[in-house]
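Inspection log for the structure reproduced underneath, given as structure tokens.
The values are calculated or read from the model by the stated rules, or taken from the named source; none is laboratory data. In this text the structure is predicted, and so the values were computed from the model without any measurement. Reconstructed Cβ throughout: ideal geometry from the backbone, glycine too, with neighbour counts over all protein chains shown. Protein only, heavy atoms only, side chains kept; ligands, DNA and RNA dropped before computing areas. Shrake-Rupley method; radii C 1.70, N 1.55, O 1.52, S 1.80 Å.
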Amino acid sequence: MKTILTGVKPTGTLHLGNYFGAIKPAIQLGHQANAAGDRHIMFVANYHALNYLKDTAQLNQITKEVACAYLACGLNPEKSIFYRQSDVPEIFELTTILTNYTPKGLMNKSHAYKAAVDKNHAKGNPTDAGINMGLYDYPLLMAADILTFRSDEVPVGKDQVQHVEIAQDIAGAMNAVYGQEVLKIPAYVVQEFAQVLPGTDGRKMSKSYGNVIPLFGTEAEIKKAVMGIQTDCQDINAPKNPDEILLFHMVQGIADATVTAEVKEGLEKGGMGYGTIKKMLLAEIMRQVGGLRETYMDYMAHYDTVQDMLNEGAKKARAIAAPNLAKIKEVILG
Ligand code: ADP
Ligand code: TRP
């Protein structure tokens, strides 16, 4: 039996980019793991959000939103182990242990830290201005998330590969000290199919650009966003190259193959207007995610039951983590 583990950082305002790029593929992977009899672990990495978000109400709100979102999108908490990171103290004891086997230079190379340093330098600020140890140690906590559960595989987007490599390095370093397998070396599995969905202005769809189509919006809200997708003013009848048209890239990222082919042909031949394509896109969005809103709102309104599920998940997680940690401590402390 393999252990497959994924962490989700709570981020707020979920949009279709998050859904198609992260939520849907992660849940599909979970279903596959469940069907294959593997152990599937999925958790909300709320302490990972703490380095940039200190507001208690806001932190809890985005944790709640992401937990309800994954459940609404089909994560099965009976089959997958689903918990909040902060509810599993074993992870943090291992984090403390791991600090002692982690070369400082490894953390210096972490891209989140390097990006923060570059920003400081660009502004003429001192190297470490405004950088807390939570950001600096971000990959260390992530290594503990993974290593506590002796994870075999960690499905991630490309941007997280470096973090799993750091977990591999730390595990390898600790194993070398004791000449035995204290920690299981995890493998990352890159989710290649996770493509970047553009937003309504053509840049990557991102909450920080204000160019999103909301995942759990009302039909009116989703429609408003779709109608706002930027288009050019080419003649409706002019044959067009679909690859140069933003609306087509959105169709490609969202719609099924038949609709995508129809739009492609309509553009290539000319005669299919942007208004028509927007209507088709809206219909596809509603077909695929329109039904999720009600379930999501229901979980949000009954968060106590979601918290019960998360608490149950934490119990299951701790039942795995505690003996793993005990074995590690036996090696270190005798
Ligand atoms: P945002 O850019 O809105 O701040 P996050 O960085 O919080 O989104 O992303 C959360 C998850 O959603 C990540 O796994 C990320 O790869 C995925 N994601 C975000 N935006 C997109 C997008 N436009 N296309 C595909 N995946 C995306
Ligand atoms: N760092 C990941 C992200 O930003 C979230 C995460 C935290 C994670 N711990 C993890 C992912 C462990 C996989 C395994 O998206």
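Solvent-accessible area per residue for the stretch 216-292 at a 1.4 Å probe radius, Å²?
Here the per-residue accessible area is 51 Å².
Can you give me the angle between helix 138-147 and the longest principal axis of the chain, using Cα atoms only, in degrees from 0 to 90, rounded to the nearest 10?
Computed tilt is about 70 degrees.
My understanding is that a pair violates if its Cα-Cα distance is over 18 Å; which of K9/K114; K158/K204; K184/K329; K184/K316 do that in this structure?
Over 18 Å Cα-Cα: K9/K114; K184/K316.
Please give, to one decimal in nm, the separation of the simple spin-label points placed at V161 and N34, each 7 Å out from Cα toward the Cβ.
For the pair V161/N34, the computed spacing is 3.0 nm.
At R0 = 22 Å, how high is the FRET efficiency between K79 and M297 if r is their beta carbon distance? Nearest 0.05 is fine.
Approximately 0.40, to the nearest 0.05.
Hey, what number do you get for the chain at 222 nm if only DSSP H runs of n ≥ 4 count, each worth -39500 (n - 2.57), divided across all residues, to the nearest 500?
So the helix-based figure for the chain works out to -17000 deg cm²/dmol.
Using just the C-alpha positions of the chain as equal point scatterers, what log10 of I(q)/I(0) does the Debye formula give at each q in 0.07, 0.09, 0.14, 0.15 1/Å?
Listed by q, the Debye log ratios stand at -0.34, -0.56, -1.15, -1.26.
Fully extended, how many nm does the chain gain between Q58 and A115 (0.36 nm per residue separation, minus their Cα-Cα distance)?
My answer for the length gained is 18.1 nm.
May I ask you to derive the FRET efficiency for N241 and F92 from their Cβ-Cβ distance with R0 = 45 Å, giving the value to the nearest 0.05?
Step by step, r from the Cβ atoms, then E = 0.25.
Express the accessible area of the stretch 98-159 per residue in Å², computed with a 1.4 Å probe while the remaining protein chains stay in the model.
It amounts to 48 Å² per residue over the stretch 98-159.
Leaving out ligands, DNA and RNA, what percent of the accessible area of the stretch 216-292 is carbon and sulfur, probe 1.4 Å?
Roughly 53 percent of what the probe reaches on the stretch 216-292 is carbon or sulfur.
Can you grab the distance from the C-alpha centre of the stretch 27-43 to the C-alpha centre of the stretch 303-334, Å, no decimals?
The stretch 27-43 and the stretch 303-334 have Cα centres spaced 18 Å from each other.
For K2 and Y178, FRET efficiency with R0 = 22 Å and r from the beta-carbon atoms, rounded to 0.05?
Once the sixth-power term is evaluated, E becomes 0.35.
Reachable aspartates and glutamates from K327, Cα under 17 Å, same-chain residues fewer than 8 places away excluded?
Filter leaves E90, E93, D145, E181.
Report the far tail of the P(r) of the stretch 216-292, meaning the percent of Cα-Cα pairs longer than 22 Å.
19 percent
Can you tell me the orientation of helix 161-178 relative to the chain, as the angle in degrees between its alpha-carbon axis and the longest Cα principal axis, to the nearest 10?
10 degrees
Among the lysines in the stretch 216-292, how many pairs, 8 or more places apart or on different chains, have alpha carbons under 23 Å apart?
Lysine pairs meeting both conditions in the stretch 216-292 amount to 13.
Let me see the pair-distance distribution of the stretch 206-334: every alpha carbon pair, 10 Å bin width, integer percents in order.
Taking all Cα pairs of the stretch 206-334, the binned fractions are 11, 28, 21, 14, 13, 10, 4, 1 percent.
Percent of accessible area on the stretch 124-179 owned by carbon and sulfur, 1.4 Å probe?
The C+S portion of the solvent-accessible surface of the stretch 124-179 is 55 percent.
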